[in-house]
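Working notes for the structure below.
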Amino acid sequence: MALTGAGISAESGIPTFRGAGGLWRNFRAEDLATPQAFARDPKLVWEWYDWRRVKIAEAVPNAAHRALAAHEGLTLITQNVDGLHDLAGSRDVLKIHGDIWTRRCTQCGHETHDRVAPLPAYPPLCPKCGGIQRPGVVWFGEGLPGDVWDAAEDAARRARVLLVIGTSAQVYPAAGLIPLAKRAGAKIVEVNIERSAASEMADEFHQGPASEIVPGLLASL
Ligand code: OAD
Ligand code: ZN
């Protein structure tokens, strides 16, 4: 099983959240990534998400995404909303923080999925009922999608090896999958350019960029 975070997409040109140049160093999460922010100013929140969609639309998967997609029988859990694992060919990715390419109606719940960026107007409206759509991502203060999270916990309990790639392991409940897998007997193998909150728990720590390390590591498993 693998758990990925923003670091795996860093070399595809997508900014991380907490490192140097990270999004949360330049923007206040509470102004942009909370239900309260959206209720206050949906246009502003959409401007920010659309800016990210435009940036992400230009990005392509790197060798780390590709190696994970090529590895048979691997359960892939990602905190990323960028869709690069899908583009690399991974199937059944457990996207515990949602998907930036999905929009969900705040009135009727209808979801649309496309790669339109930039969007023609903010906020985008539901094709079914005309209600305001929101980004299909998990915001601070919100619960994770229940079915996806249950599947992620199940996978963590069953994992023989958990690869932890490019995450600061600071955001819960996502980061809790690591001790869960460890307690259930998994070997924890971490890949990161620097030590993270998960490193204490790691049985192996491989320091360096994901695209350089992950392909060889998977080949050796
Ligand atoms: P962070 O930005 O918190 O952490 C990124 C991690 O990637 C750091 O530990 C970096 O050292 C590491 N890193 C950077 N470049 C790398 C590279 N080339 N190769 C390997 N590692 C590298 O991102 P996440 O841990 O994913 O939430 O953040 C978790 C959540 O916080 C995100 O999903 C997002 C954010 O708020 C939501 O969208 C709900
Ligand atoms: Zn609707």
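The values are calculated or read from the model by the stated rules, or taken from the named source; none is laboratory data. Remember, it's a predicted structure, so these values are computed and weren't measured experimentally. Here Cβ is always computed from backbone atoms with ideal geometry, including for glycine, and neighbour counts include all displayed protein chains. Heavy atoms of the whole protein, side chains included, go into the accessibility calculation; ligands, DNA and RNA do not. Shrake-Rupley method; radii C 1.70, N 1.55, O 1.52, S 1.80 Å.
Is it the case, given these coordinates, that ASP147 is open to solvent by 70 Å² or more (accessible area, probe 1.4 Å), more than 29 Å from GLU200 (Cβ to Cβ), free of Cβ contacts under 8 Å to residues at least 60 places away in the same chain and among the acidic types (Asp, Glu)? Yes: the conditions hold for ASP147. Looking only at the stretch 48-66, residues that are within 14 Å of SER9 (Cβ to Cβ), assigned to a helix (DSSP H, G or I) and in contact with a helix residue (DSSP H, G or I) (Cβ under 9 Å, 6 or more places away or on another chain) come to 6 in all. Contact map, the stretch 187-210: first residue over 19 Å from LEU221 (Cβ atoms), second residue among the polar types (S, T, N, Q), Cβ cut-off under 6 Å, separation 6 or more or different chains; pairs are SER196/SER168; ALA197/GLN170. Given the structure, is THR112 part of a strand (DSSP E or B), more than 16 Å from VAL45 (Cα to Cα) and within 16 Å of ligand 2 (Cβ to nearest atom)? Answer is yes for this residue. Would you check which residues across the stretch 75-101 are more than 16 Å from VAL148 (Cα to Cα), in contact with a Ser or Thr (Cβ under 9 Å, 6 or more places away or on another chain) and among the hydrophobic types (A, V, I, L, M, F, W, C) and list them? Hit for the stretch 75-101 is LEU84, nothing else. Taking the stretch 153-178 as the range and being within 11 Å of ligand 1 (Cβ to nearest atom), buried (at least 22 other Cβ atoms within 10 Å of the Cβ) and in a loop (DSSP other than H, G, I, E, B) as the test, the residues that pass are GLY166, THR167, ALA169. If the condition is being aliphatic (A, V, I, L, M) and open to solvent by 10 Å² or more (accessible area, probe 1.4 Å), then the stretch 41-55 contributes LEU44, VAL54.
Within the stretch 68-85, the set of residues being open to solvent by less than 20 Å² (accessible area, probe 1.4 Å) and not in a loop (DSSP other than H, G, I, E, B) comprises LEU68, LEU76, ILE77, THR78, LEU84, HIS85.
In the stretch 117-137, of all residues being open to solvent by 40 Å² or more (accessible area, probe 1.4 Å) and either of a type in the set (S, T, N, Q) or touching a residue at least 24 places away in the same chain (Cβ under 8 Å) (or both), the one that is farthest from ligand 1 (Cβ to nearest atom) corresponds to CYS129. Of the residues making up the stretch 1-40, just one is of a type in the set (Asp, Glu) and open to solvent by less than 60 Å² (accessible area, probe 1.4 Å), namely ASP31. Taken over the stretch 56-67, the criterion of being open to solvent by 20 Å² or more (accessible area, probe 1.4 Å) and under 22 Å from HIS113 (Cβ atoms) is satisfied by ALA57, GLU58, VAL60, PRO61. Summed over the stretch 8-47, the residues that are within 12 Å of ligand 1 (Cβ to nearest atom), part of a helix (DSSP H, G or I) and touching a helix residue (DSSP H, G or I) at 6+ places or on another chain (Cβ under 6 Å) give a count of 3.
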